[in-house]
1. Which of Thr163, Thr121, Thr218 moves most in a GNM of the chain, Cα contacts under 10 Å?
2. Would the range 184-243 count as rounded, prolate or oblate if I go by the C-alpha gyration tensor, calling it rounded below 1.5 in a/c and otherwise prolate when a/b exceeds b/c, oblate otherwise?
3. As an exercise, use a Förster radius of 30 Å and the Cβ-Cβ distance of Lys214 and Leu149 to find the FRET efficiency, rounded to the nearest 0.05.
4. Please compute P(r) over all alpha-carbon pairs of the range 2-259, binned at 5 Å starting from zero, and give each bin as a whole-number percent.
5. Per the helix-only calculation at 222 nm, which mean residue ellipticity applies to the chain, given -39500 (n - 2.57) for every DSSP H run of n ≥ 4 and division by its residues, nearest 500 deg cm²/dmol?
6. List Val60, Val170, Val83, Val212 from most exposed to least, where exposure is judged by having the fewest other Cβ atoms within 10 Å.
7. Which net charge results when you count Lys and Arg as +1 and Asp and Glu as -1 among the other residues whose beta-carbon is under 12 Å from that of Arg52?
8. Please report the antiparallel percentage of DSSP beta bridges with both residues in the range 2-259, rounded to the nearest 5.
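No value in this document is a laboratory result; all are computed from the given coordinates. In this text, all values refer to a predicted model and were calculated from it rather than measured experimentally. Using ideal geometry, Cβ is built from the backbone for each residue, glycine included, and neighbour counts are taken over all protein chains shown.
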Amino acid sequence: MIDLHSHLLPGLDDGPKTLQESLFLAHSAAKEGIEIIYATPHHLRAPFDNGRDKVIEAVVQFNIHLRKAGIPLQVRAGQEIRVCPELIQEAYSGQLLPLEGTSYVLLELPSSSIPDFLEDTLHELAVLGWTPILAHPERNREIADNPELLRPLVESGALCQITSHSLTGVFGTRTELAALNICRKGLAHFIASDAHDAVKRPFQLRAAYEKVEKRLGTSWKSTYIENARKLAAGQQIDNISPIARSMSMSKLFGWMARAK
């Protein structure tokens, strides 16, 4: 499995505080079957400030420790970038870091509402050649109440990542239902862990995929797994889910049949 969102590096944010805690978390990732994991510490979210060079160096050093510990896991660099007015200035000053080996940037929305400047921000990132991935939109109160707010963002090129704990019920029934609803509408493209520690916020990636398979079907699970593999390979992800496109065509043909 590929995990594109985690807080794995020691001492950079609200993830592990020590190297030993990070190595224990990495071991649990490998044990779960995760092969590649993107370390995405918070950036532009006070009090955390993790610019490009800082994260890259931390990942280089952590991979050395992984090899010494014999943990079969490849860690790649990234950031979870808070959507804020300073974001574009940071982009042009070279402080932002796309997920390593890709042109995808992981963005975090505020928990309460969608910022008025979000569409302009996404446009500016596109001008820079980056594709935004919105992390855990199901945990944004405004989107949870109305997932259709995501549709114009997705249709303009943004992708969305659902958190494993949302699907497994760790964040409560309301968030679980919102996550499944976003998936059903074809507005989700990835599942990732957003793991912070090995106890309260572990990976649960396999359990999340199993929940998707049980509630939505094997094709949905396969699409999310394949999208993560494509991202890790630096390939382009279709922002309109093949399943969603198939569902739309079925509805269209059904309407045409009824109209005859």
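1. Maximum among the listed residues: Thr218.
2. On the way: a/c = 2.31, a/b = 1.35, b/c = 1.71.
Because a/c hits 1.5 or more and a/b fails to exceed b/c, the range 184-243 counts as oblate.
3. Working: r = 27 Å, r/R0 = 0.90.
Efficiency for this residue pair is about 0.65.
4. Computed distribution, short to long bins: 1, 6, 14, 18, 20, 18, 12, 7, 3, 1, 1, 0, 0, 0.
5. Details: 11 runs with 119 residues, N = 260.
It comes out at -14000 deg cm²/dmol, rounded to the nearest 500.
6. Values: Val60 11, Val170 17, Val83 20, Val212 25.
Listed from fewest to most nearby Cβ atoms, that is Val60, Val170, Val83, Val212.
7. Details: positive: Lys54; negative: Asp49, Asp53, Glu57, Glu90, Glu100.
Residues near Arg52 contribute -4 overall.
8. 5 percent
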